[in-house]
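Data first, discussion second: the structure below is written as structure tokens.
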Amino acid sequence: MAVTALLVTGAAGGIGRMLRGALAGRYPLIRWSDRAPMAPPGVGEETVIADLSDAAAVEALTAGMDAILHLGGCSIEADWPTIMAANLHGVVNLYEGARKAGTQRVIFASSNHAIGFWRRSDRLDHESPPRPDSRYGLSKAFGEDVAAYYAFKHGIRSLSLRIGSCFERPTNRRMLSTWLSYADFVRLVEVGLTAEFHHEIVYGVSRNTRSWWDNSNAYRLGYDPQDDAERFAPEVEGIVSDIPLDEAFQGGQFCSPEFTGSTDWIRT
Ligand SMILES: NC(=O)c1ccc[n+]([C@@H]2O[C@H](COP(=O)([O-])OP(=O)(O)OC[C@H]3O[C@@H](n4cnc5c(N)ncnc54)[C@H](O)[C@@H]3O)[C@@H](O)[C@H]2O)c1
């Protein structure tokens, strides 16, 4: 079924603002939402200010939407109250709203920080279990499970994107592995809004020469990334963390803050 009404949360954020231009006019109605101010709506658009932790507001937000791209929430490490409100209550409220609205499909912006404590030498795929590197990463692992629950219990087609680093360009060596170009993000969203699947996890990453992830599950669904971070290597190759823990693991600089664990297992 073609998407006629699409809700995008996190519309005032970095990815949301980029998408606003890229998706303009592609669907009959796009409802852009954030708790922060957004640019005024254009033709075929609505903008709605809502806090994801407010269940009633999110229920109103999801009403009438047949597809949702859930980008909203706290996108960095934060204290528990912040993470719980935006990312735990937020994703539950979002899916509960989707269930009540009869929404057909949800794309959930998960993160590489859900798998941040895998080593860089580990090659992960869509079946690799989480190893969160932060409260933020743990909230994304929870979101992936919420997506699975609503897919299998309530039939909402759900795609979780373990997004690497979605910025205009890579800014350090780690991003030569994790970069997702804006254009490839748009390609991945199109797959999420059109492909046949029930519940899947894929990696939000370009076709990087140095990728740590086997993204064949996304390719199977039709994702065909066109960018490779390698062309930025000469500029960013030397930009690394001076903390060995950060350089050993996929989550990078989310790994070392507050770290009180044993490093014994790291060498094995
Ligand atoms: N950019 C990346 O490289 C990257 C990597 C991995 C995952 N992600 C995920 O993708 C999504 C978008 O990323 P981004 O870079 O645009 O993040 P961002 O921080 O720029 O945007 C997130 C938006 O969510 C909104 N928000 C936060 N708490 C909210 C709440 N309680 N209620 C309503 N809105 C709230 C913020 O106002 C913000 O506009 C996020 O969920 C992020 O965790 C991004």
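Throughout, read-outs are computed from the coordinates displayed, never taken from laboratory work. Just so you know, these numbers come straight off a predicted model, no measurement behind them. Neighbour counts run over all protein chains shown; Cβ positions are idealised from the backbone, glycine included.
Under the Karplus relation 6.51 cos²θ - 1.76 cosθ + 1.60, θ = phi - 60°, what is the ordered set of whole-Hz ³J(HN,Hα) values for segment 33-48, x standing for Gly and Pro?
9, 6, 8, 9, x, 10, 4, x, x, x, 5, x, 10, 10, 10, 10
State whether the chain is rounded, prolate or oblate according to the following rule on the C-alpha gyration tensor (a ≥ b ≥ c being the square roots of its eigenvalues): a/c under 1.5 gives rounded; otherwise a/b larger than b/c gives prolate, and the remaining case gives oblate.
Verdict is prolate for the chain.
Using helices alone, what [θ] at 222 nm do you get for the chain, with -39,500 (n - 2.57) per DSSP H run of 4 or more residues, divided over all residues and rounded to the nearest 500?
Numbers: 10 runs with 86 residues, N = 268.
Only helices count here, giving -9000 deg cm²/dmol.
Which of Glu235, Glu190, Glu247 ends up with the largest GNM mean-square fluctuation for the chain, with Cα atoms connected below 10 Å?
Checking each option, the largest mean-square fluctuation is seen for Glu235.
His198 to Tyr219: FRET efficiency via 1/(1 + (r/R0)^6), r the Cβ-Cβ distance, R0 22 Å, to the nearest 0.05?
Values: r = 18 Å, r/R0 = 0.81.
After rounding to 0.05, the efficiency reads 0.80.
Kindly put His113, His89, His70, His154 in sequence by how many other C-beta atoms sit within 10 Å of each C-beta, fewest to most.
Values: His113 29, His89 18, His70 26, His154 14.
Placing the least packed residue first, the sequence is His154, His89, His70, His113.
Kindly identify segment 102-230 as rounded, prolate or oblate by the Cα gyration tensor criterion: order the square roots of the eigenvalues as a ≥ b ≥ c, call it rounded if a/c is under 1.5, otherwise compare a/b with b/c, prolate if a/b is larger, else oblate.
Note, shape of segment 102-230 comes out oblate.
Rounded, prolate or oblate: which fits segment 72-160, taking a ≥ b ≥ c as square roots of the Cα gyration tensor eigenvalues, rounded meaning a/c under 1.5, else prolate when a/b beats b/c? Mind dumping the intermediate values first?
Working: a/c = 2.85, a/b = 1.35, b/c = 2.11.
In terms of gyration-tensor shape, oblate.
Which residue fluctuates most in the GNM of the chain (Cα springs below 10 Å): Asp122, Asp34, Asp54?
Comparing Asp122, Asp34, Asp54 in the GNM, the peak value goes to Asp122.
Val48 versus Glu247, label points 7 Å from Cα toward the beta carbon: distance in nm?
A separation of 4.8 nm, rounded to one decimal place.
Taking Cα atoms of segment 169-268, Rg/Rh with Kirkwood Rh, to two decimals?
On the Cα set of segment 169-268, Rg over Rh gives 1.05.
I need the phi-derived Karplus couplings for segment 107-113: 6.51 cos²θ - 1.76 cosθ + 1.60, θ = phi - 60°, integer Hz, Gly and Pro marked x.
9, 10, 7, 7, 8, 4, 6
Just the Cα atoms of segment 1-121: what Rg and Dmax do they give in Å?
14.5, 48
For the chain, set up a GNM with springs between Cα atoms under 10 Å and report which of Gln250, Gln226, Gln104 has the largest fluctuation.
Among Gln250, Gln226, Gln104, the largest mean-square fluctuation in the Gaussian network model of the chain belongs to Gln226.
For Ser111, enumerate residues with amide H under 5 Å from its amide H, sequence gap 5+ or separate chain, H modeled in the peptide plane.
Excluding prolines and chain starts, which carry no amide H, the hits are Ile163.
Tell me, what ³J(HN,Hα) does each residue in segment 234-251 have, in order and in whole Hz, if you take phi through Karplus 6.51 cos²θ - 1.76 cosθ + 1.60 with θ = phi - 60° and put x for Gly and Pro?
x, 7, 10, 3, x, 8, 9, 6, 8, 9, x, 4, 5, 7, 7, 10, 5, x
Mind sorting Val92, Val240 by how few other Cβ atoms lie within 10 Å of their own Cβ, fewest first?
Values: Val92 19, Val240 13.
Lowest count first: Val240, Val92.
What ranking of Lys100, Lys140 emerges when the number of other C-beta atoms within 10 Å of each C-beta is taken as an exposure proxy, fewest first?
So the ranking, lowest neighbour count to highest, is Lys100, Lys140.
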